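The values are calculated or read from the model by the stated rules, or taken from the named source; none is laboratory data. Note that the coordinates shown come from a computational prediction; the quantities given were computed from them, not determined experimentally. Cβ placement follows ideal geometry from the backbone for every residue including glycine, while neighbour counts extend to all protein chains displayed.
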Amino acid sequence: MKKTQRTGVIREYDMHSASVKVGYGFILLLCGLMVVIAVFPLIWVSLAGFKDLKEFVSSESIIPQSFSPEPFATTWSQLGIAKNYLNSLISVVGSVACALVFNGLLGYGIGILKPKGHGAVKRLVMLSLLMPPTISIVPLFMNIQNLRMGNSFLPLWLSFGANAMYVILFVQFFESLPGSIIEASRIDGCSQLQTFFRIVLPLSKPICTVISIFAVNAAWSDFLLPYLVLRGAEKQTVMVRLFVFSTEQTVNADAMMRSVVFAMIPPIILFFIFQKQLTENAVSVGIKG
Amino acid sequence: MSKVFKMVSLLLALCMLSGIPFGFSAAEEVIDADLTCTITLGNWPPDTAPDAEKALFENYRAIMAKQYPNVTLVPDYYSYTLSNYVPMAKGGTAPSIFQPPFTDPQLLISQHLVGDVTDALEKFGVLEEFSPSYVEMLADENGRIYGLPRDGYVLGMHINAALFREAGLVDEEGLPLYPKTLQELAEYGQIIREKTGKAGLVFPASETYGGWLFTNIAWNFGCVGESALEYQDEDGRWVCNFTSPECIAAMEYMRDLRWKYDILNADATTTDWAGAHSLLGTGEAAMNFAADDSVDQPTANKGLPVEDFALIPFPAGDAGRYALAGGTCYMFAPNITADQSVALMGYLKILGKLPFLDDSIIEGMRADYQAKRDRGAPVIPAISAWNDEAYNAAKQAIVDEFCNVDMRLYNDFFDSISQGTITLKSEEPVFAQQLYRELTAVIQRAITKEGADLEKALRKAEESFQEYLDDEINDY
Amino acid sequence: MSGQAKRLKSHAKLRENIQSWLIMLPGLILMTFFVWEPLFESIRMSLYKTRNVELVRFVGLDNFASVTGKDDFLQALQNTFSYTFWSLIIGFVLPILLAMLIGETVRGKSFFRTAVYLPNMLPGLAVIILWSAFFSGEKSGVLNILLGKLGVSPQSYLTHAEWVIPIIIVIATWKGAGATALIYMAGMAGISPELYEAAAIDGASVPKRIIHILLPAVRKLAGTLLILQIISVFQIMYEPMVLTKGGPDNASLSLMQLMWQYAFGGAMNYGKASAVAVIVTLILLVMTAVYSFFNRKESDWD
């Protein structure tokens, strides 16, 4: 078996020193503590889900009295969360598609094609990064209503096609691609669009993965615009449901904790499936931003 | 469709037009087969609602389908807040019917954000039954009506009788010895804290809730008439006054509840309405300022057995004994058509919200009370929003039939209203929600900073709210 | 090159430009519809007296004067800087430390990395609801239970004006620090181990290696992440809205939350709400400008 290499400041050679050894043990201890801090709240909220209201409000113990899954089943059916999961899935899939296609094409224009005047667009996109998006939610909502797109997933999907952050990530990635490959494809007679789909996109797997992950996470977590747009119960996503649930004054705190658990399960599953891409690719992209 | 049905519906329509309450229409009869429209119904019971309640609304839907076969009902789980309503009304997606509190109708009417139902009410012959105070709340200056009272409430106090027993606060009959005055409230709360370790009073001092409850306390300290929190001066300008000695005294009382008597719940500044009911219902607090319309919250919803629950009148202050009376109403989307408004009145009639008592409505009430009984909520009389004696008496008879509580735990509350020992007062007249928000901030200061200069805080709140009033009405 | 060829070439160039713009068009339309036009509309609204979304009359800078003249604005401005301050204290150095710690580990590195990143994947709303129960002041509040085991009597955390902002920053840091740490780790991974080896042979102690090799290597990255952090903390809104509702007595009210209150909190004054948003935007622009001025040579973007 290959010996794992030290990559940090501490070198193998230092390990002969007693003080460094102690220090290293301390580092491991701190890392363990960090894991506990990161994970404990999740364990706690799952445990809290087993409590009923009286126990949740009064009990001074973290461990529930009973581990009956019944409260979870009750909240599951009360919330009708299966349908909400499906809605979230629809919302997420469309959002990711729009995030890749529209931002990708815009990024391709700014980063590779660079037609006359692209600099202005680039600056506008950069500037939009700074703008608090919340303030324009009222005029935006009016726009959506005026186009009769209310109570539909379409505006939510399309809103992911207008993300300044993703555009910039695409631009940065495209600019790092070797120009010669793109030149070559143009000489081979590919049109600009063909070049994008045949050459650029296949080379852009890392950035596409990262943006997909970001978009999945954002589309799953978003609730403000979806709340305004998808008000009808038929199309509520999980987070809209959680938000509505949290504003219903009849809701009990224990059921609230269970719905938090339900809202967290899919991202956690997703996380464990894609952890490698997340912790490696997302980072390599982040470092350029 | 059969001729008979057509005849019946014609007859029915005639009776309605002539304003005769139609006492014997059965639910199955078609009232108007030609009325064709779609109405979206806000406040449809959410998935989290008890099954009985959901069944009840399904039943309303079935009756509606029979009475108005061509009216399509679209259930909407929308629950109103001013902030979520406005963009919807503007964008044309507001549900046809929704339920704002009585603080908001005038604002919505003045901003043209709600629909006019005067003609539909005329058609049903109920325009006259409105108590004038409601007409005032729900109409514009031309007397056009934009809403209907849904239910009224009177603020009092919810009591966890078990904690009172535990603290030894019981009379010879074993009933809780409850506070009659605000001073007693503080003292009893202290006893409960000492004997049980639980909070004497839960006070939801967050957002608008704190200010809302505080206005009632302030009234009992004398913030009425000359010292009112809000009034119109000779020039018709709206003025607010939070710095009267009475108001300052009331705020000092809030400070004392925290620092002198220490009877408040731990997280008062983040506690909301649901949180307050939770603490009372789970036995973490003994008293909660709340109204008769929310008695099912601490009991059925939060688990307090009905026999451990009592409803008492709002404690008196040195200068008065007022209780805030209010409620919610039905209002309608600004873009409803004449047909839709007729269909909506038909729907409200089925809900028993118009002063008609036919079999189906009585049946509905019985089902409602039975449902309350089944889920462990107290079945007690409702305070009627209509001025129709026969209607009110008939309703009381049905309540008696299902009553599941020891009425001795409620009598003082209802007697204080019927005998006039407590004065009912509606909320401050303009922009009450904003006023509550300002006052809540001062309350938060009073209960989080022992040495806070409350007069100064109240003066700042007053300046801020005055500017708001100038902006929103005085300068128009 | 002949004139014709030149013309042909410029013709082709023009065609290419048009094609390029056509490719960008869908994205541009979406950006206009979802970002730029609503933003422009907001700026316009800030100059008008509004009744809901209707513009009643042009009032110039009245909304700005009225908004900035109020105590709650000054309080919110101060709070927002306080959020930024605490986020620098709590949230800036921590990810660097985490990255250094994890970077030193030999076995279990990917496990540690995964664990710290996990909170970042969770939906913000769910995280805040979760932590609100954690910081509950009742005896059943999780922190009270934990501290109770150490013999500390129950505290009411969210009613302390001085504590609420640090608490909110702690929550935001819990969610975000791991992800930031991984970015630093990637930056640190770019340092060749040979540098450390060489330094070690020269007799440089571990702290010295950190100061002279590791930290300088991530300095630029830290600068970028710092400005991004400031920008995002400056827009904090949802966390205090759910956790403390801005209280107690506006002690955790942020500027964006004030904006939200003007717009949706009962006041329905979109004109003033827009004025607050424009002010926030201007502050952010100034901060970014200052940053890029000091960072001009290194920045790829200006």
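For region B:59-86, the set of residues classified as part of a loop (DSSP other than H, G, I, E, B), out of contact with any strand residue (DSSP E or B) (no Cβ under 8 Å at 6 or more places or on another chain) and within 14 Å of chain C (Cβ to nearest Cβ) consists of B:T81 only.
The residues of region C:17-36 that are of a type outside the set (A, V, I, L, M, F, W, C) and more than 7 Å from chain A (Cβ to nearest Cβ) amount to a single one, C:T32. For region C:139-151, a residue qualifies if it is surrounded by fewer than 20 Cβ atoms within 10 Å (Cβ to Cβ) and either not assigned by TED's automatic domain parsing to the domain that holds C:T244 or not in a helix (DSSP H, G or I) (or both), and the qualifying residues are C:K139, C:L150, C:G151.
If the condition is being hydrophobic (A, V, I, L, M, F, W, C) and either at the interface with chain C (Cβ under 10 Å from one of its Cβ atoms) or touching an Asp or Glu at 6+ places or on another chain (Cβ under 6 Å) (or both), then region A:241-264 contributes A:L242, A:F243, A:F245, A:A253, A:M256, A:M257, A:V260, A:V261, A:F262, A:A263, A:M264. Of all the numbered requirements in (1) modelled with pLDDT of 90 or more; (2) under 30 Å from B:H112 (Cβ atoms), C:P26 misses one, and that requirement is (2). Checked against (1) of a type in the set (V, I, T); (2) free of Cβ contacts under 8 Å to residues at least 12 places away in the same chain; (3) under 28 Å from C:N79 (Cα atoms), C:T180 passes all but a single condition, namely (2). Step by step: first the residues of region B:44-53, then only those that are touching an Asp or Glu at 6+ places or on another chain (Cβ under 8 Å) and of a type outside the set (A, V, I, L, M), then the one that is modelled with the highest pLDDT. Which residue is that? The residue in question is B:W44.
Scanning region A:46-72 for residues that are within 32 Å of the chain's Cα centre (by Cα) and basic (K, R) yields a single hit, A:K51. The requirement of being more than 22 Å from C:G141 (Cβ to Cβ) and either loosely packed, with under 14 Cβ neighbours inside 10 Å or within 32 Å of the chain's Cα centre (by Cα) (or both) is fulfilled somewhere in region A:33-44, by at least one residue. Are any residues in region B:275-314 among the hydroxyl-bearing types (S, T, Y) and within 14 Å of chain C (Cβ to nearest Cβ), and if so, which ones? Hits for region B:275-314 are B:S278, B:T282.
Here is the figure for region C:76-109: residues that are in contact with a helix residue (DSSP H, G or I) (Cβ under 8 Å, 6 or more places away or on another chain) and within 7 Å of chain A (Cβ to nearest Cβ) total 6.
Residues in region C:234-258 that are assigned to a helix (DSSP H, G or I) and either facing chain B (nearest Cβ under 10 Å) or within 29 Å of A:A253 (Cβ to Cβ) (or both): C:Y238, C:E239, C:P240, C:M241, C:V242, C:L243, C:M256, C:Q257, C:L258. Can you name the number of the only condition in (1) at pLDDT 90 or above; (2) within 13 Å of chain A (Cβ to nearest Cβ) that C:T114 fails? Looking at each condition in turn, C:T114 falls short on (1).
The set of residues in region C:68-84 being at pLDDT below 90 and either outside the structural domain of C:K272 (by TED's automatic domain parsing) or not basic (K, R) (or both) consists of C:G69, C:D71, C:D72.
Listed here are the residues, each with its yes/no results for (1) in contact with a helix residue (DSSP H, G or I) (Cβ under 9 Å, 6 or more places away or on another chain); (2) surrounded by 16 or more Cβ atoms within 10 Å (Cβ to Cβ).
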site: B:M365; (1), (2): yes, yes
site: B:D388; (1), (2): yes, yes
site: B:A393; (1), (2): no, no
site: B:I398; (1), (2): yes, yes
site: B:D412; (1), (2): no, yes
site: B:I443; (1), (2): yes, yes
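Condition check for B:Y347 on (1) in contact with a Pro (Cβ under 9 Å, 6 or more places away or on another chain); (2) in a helix (DSSP H, G or I): one failure, at (1).
Scanning region B:266-310 for residues that are more than 27 Å from C:V142 (Cα to Cα) and either in a strand (DSSP E or B) or in contact with a His (Cβ under 6 Å, 6 or more places away or on another chain) (or both) turns up B:F289, B:A290, B:A291, B:F309, B:A310. Could you check, for region C:99-107, whether at least one of its residues is more than 30 Å from A:S259 (Cα to Cα) and within 20 Å of the chain's Cα centre (by Cα)? Scanning region C:99-107 turns up at least one residue that is more than 30 Å from A:S259 (Cα to Cα) and within 20 Å of the chain's Cα centre (by Cα). Taking the stated definitions as given, is A:G107 surrounded by fewer than 20 Cβ atoms within 10 Å (Cβ to Cβ) and in a helix (DSSP H, G or I)? No, not satisfied. Do we have B:T93 as within 30 Å of B:E184 (Cβ to Cβ), in a loop (DSSP other than H, G, I, E, B) and not assigned by TED's automatic domain parsing to the domain that holds B:P179 here? The answer is no for B:T93. When A:L86, A:L79, A:L113 are checked against the criterion of being more than 13 Å from chain C (Cβ to nearest Cβ) and surrounded by 19 or more Cβ atoms within 10 Å (Cβ to Cβ), a single residue qualifies: A:L79. Pull out all pairs, ordered by first then second residue, where Cβ-Cβ is under 7 Å, the residues are six or more apart or on different chains, the first lies in region B:260-274 and is within 10 Å of chain C (Cβ to nearest Cβ), and the second is crowded, with 21+ Cβ neighbours inside 10 Å and assigned to a strand (DSSP E or B). What qualifies is B:L264/B:A199; B:L264/B:L201; B:N265/B:A199; B:N265/B:V202; B:N265/B:A285; B:T271/B:V202. Only residues that are outside any helix (DSSP H, G or I) and within 10 Å of chain A (Cβ to nearest Cβ) were counted in region C:159-191, giving 2. On inspection, B:G317 does not qualify as away from chain C (no Cβ under 14 Å), free of Cβ contacts under 8 Å to residues at least 60 places away in the same chain and closer than 30 Å to B:G174 by Cβ.
Conditions (1) touching a residue at least 12 places away in the same chain (Cβ under 8 Å); (2) under 26 Å from B:V86 (Cβ atoms), marked per residue:
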| residue | (1), (2) |
| --- | --- |
| C:S66 | yes, yes |
| C:F85 | no, no |
| C:V93 | no, no |
| C:M100 | yes, no |
